Every structure is written in C-alpha cells, then in structure tokens.
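The values are calculated or read from the model by the stated rules, or taken from the named source; none is laboratory data. What you see is a predicted model; the values in this text were computed from it and never measured. Cβ: placed from backbone, ideal geometry, glycine included. Neighbour counts: every protein chain shown. Surface areas here come from the heavy atoms of the whole protein model, side chains and all, with no ligands, DNA or RNA. Shrake-Rupley method; radii C 1.70, N 1.55, O 1.52, S 1.80 Å.
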Amino acid sequence: TAGITQAPTSQILAAGRSMTLRCTQDMRHNAMYWYRQDLGLGLRLIHYSNTAGTTGKGEVPDGYSVSRANTDDFPLTLASAVPSQTSVYFCASSDSPGQGQETQYFGPGTRLLVL
Amino acid sequence: GQNIDQPTEMTATEGAIVQINCTYQTSGFNGLFWYQQHAGEAPTFLSYNVLDGLEEKGRFSSFLSRSKGYSYLLLKELQMKDSASYLCAVRGGDYKLSFGAGTTVTVRA
C-alpha cells in the first residue's frame, strides 16, 4: 500500500508566488495534518482536519490555507510565499484523532526553498 | 504554550545502551509519544505512554513520570541502523501533538 504520498518532492519557489503542496492517503484515516520541520525547532503543526469537510488551525497557520473536500486529500496552499516559509513540509494522517495510542503516519515530505 | 526539551545530540558505541531524556511543560497532558526519524526520511512511531511507568518493546523502552513532566527513551544493544533523530512529542489538552526539537543519536562502531 502507498500509505501517504506527497508532491512535489522538492521545489524552488520565487517569493510572492503561490503554490499548493499535495497530500493523499489511501488508509481511509479520518484525521490529516500538515507540519513544517525546521532545524532546531522540531515539527510544528500548521493546520489539521479531524474529518472530511472540517479544518482547524495549528500552531503556525499564518500564510497557509488548507481544504478537505474528501477523506483522501489534504492540500496545503501558500498564497504568496515568503523566504521564512522555506522548510520541509510533512503531511500526516491518523485514524482516531486524540484517542489512545493514536499513531500518526507521515508522508515522505516536501522540501521547499523560497527565494 | 508547550515547552518540550531534549538533548540535541548523543553519541554511543554499537552494542551499548543510550537513554534519551525528555522534559515537558504543557497545557494539559493526554499522552507522550516517541518517534524515530532517519536523515531525509519521515518520522515513524516508536512508543506511547499515558500512565506512569515503563513500556518495553524489544530493544526500545519508554518511561513516563507525569508528576515530574519527564520521560526517557532507552535504546539497548545499539545497532548502526539506530543512528537517527528521536522525537519526543506530547499530546496536550487540545489533543494535538507538540514535538521537541529531536535528539540526534550517532552510533559508532
């Protein structure tokens, strides 16, 4: 099974341009998450969705938007990229958000460089 | 806010034992997780503690003391493939995970 896929693998983006990072899971998980990982700061939650049709803001949502039209897909959009959004972006999913041993499964990541 | 601290780096010899400590101060507590992340790869789940005590899983064990805001991950019989970053994460009162910056473990022959 593919699990979680992300596209693109990496991207160089000019500041001010928009971009959508794609994330698809085939595990029929209810919850999906977007994190960014920066050296020395660890993973930080950008946005999340507990179920299709709902989204919520995480710790660092500014400059990003998400949608959850169906169970499988959870795209992350940067409307007008800035250099501080240079990071590695991980998408994750879990079956039972906030319950017991909720295991989050992570995609391979998208490495984004904003110049 | 959430504050999760763990050492930046640790080095150990193949076959040895390494203990990675994690201290946390969070708004609410609903479980502590450890993830492993090899360089350039995605994090993968290792362990989960919600009650005080030790959870053992093969060569890996994780301990939790809620009153002290403290956990450790114990890696025994270290192998070269254990060289990775180990991420401590706390599920807070909002049921979302907050991650520490990670501890990079280097295993030397």
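Buried between B and A is an accessible area of approximately 1500 Å², summed over both sides with a 1.4 Å probe. Note on surface exposure: B:R91, A:R17 rank A:R17, B:R91 by accessible area, highest first, 1.4 Å probe. Taking a cut-off of 16 Å between Cα atoms, list the aspartates and glutamates near B:K68, but don't count ones fewer than 8 places away on the same chain. Cα-Cα hits under 16 Å: B:D5, B:D52.
Placing A:Y64, B:Y95, A:Y48 in order of accessible area, with the largest value first and a 1.4 Å probe, yields B:Y95, A:Y48, A:Y64. Legend: residues in segment B:34-66 shielded by at least 20 square angstrom of accessible surface upon adding the remaining protein chains to the isolated chain (1.4 Å probe, heavy atoms) are B:Y35, B:Q37, B:G40, B:A42, B:P43, B:F45, B:Y48. Can you give me the orientation-averaged projected area of the convex hull built on the Cα atoms of chain B, in nm²? Average of the hull's projected areas for chain B equals 6.3 nm². Other residues within the sphere of radius under 13 Å centred on the Cβ of A:Q85, judged by their own Cβ, net out at +2 (K and R +1, D and E -1). Probing with 1.4 Å while keeping every protein chain in the model, the per residue accessible area of chain B equals 47 Å².
Determine the residues within segment B:86-107 where the difference in accessible area between the chain on its own and the full set of protein chains amounts to at least 20 Å²; count protein heavy atoms only and use a 1.4 Å probe. When all protein chains are present, B:R91, B:Y95, B:K96, B:L97, B:F99, B:A101 each give up 20 Å² or more of accessible surface.
For B:K57, the aspartates and glutamates whose Cα falls under 16 Å of its own Cα, not counting residues fewer than eight places away in the same chain, are B:E77, B:D82. Between A:D62 and A:R22, the contour length at 0.36 nm per residue exceeds the Cα-Cα span by 12.6 nm.
Averaging Cα coordinates gives a centre for segment A:1-77 and one for segment B:53-92; these two points are 27 Å apart. A Förster radius of 30 Å, combined with the Cβ-Cβ distance separating A:N70 from A:R44, puts the computed FRET efficiency at roughly 0.70. Label separation (B:T11 vs B:L74): 2.5 nm, computed from points 7 Å beyond Cα along the C-beta direction.
Using a 1.4 Å probe on the protein chains only, how many percent of the accessible area of the protein assembly as shown belongs to carbon and sulfur?
Values: 5100 of 10370 Å².
The nonpolar share, carbon plus sulfur, comes to 49 percent.
Here the protein assembly as shown is treated as an ellipsoid with the same Cα gyration tensor; its semi-axes, largest first and in whole Å, are 29, 20, 16.
Within the assembled protein chains, the solvent-accessible surface assigned to A:H47 is about 10 Å², based on a 1.4 Å probe. If you average 1/r across every pair of different Cα atoms in segment A:27-106 and take the reciprocal, what Kirkwood value do you get, in Å? This gives a value of 13.0 Å.
May I ask you to list the lysines whose Cα is less than 22 Å away from that of A:K57, ignoring any residue fewer than eight positions away on the same chain? Answer for A:K57, where 22 Å is the Cα cut-off: B:K96, listed by chain and number.
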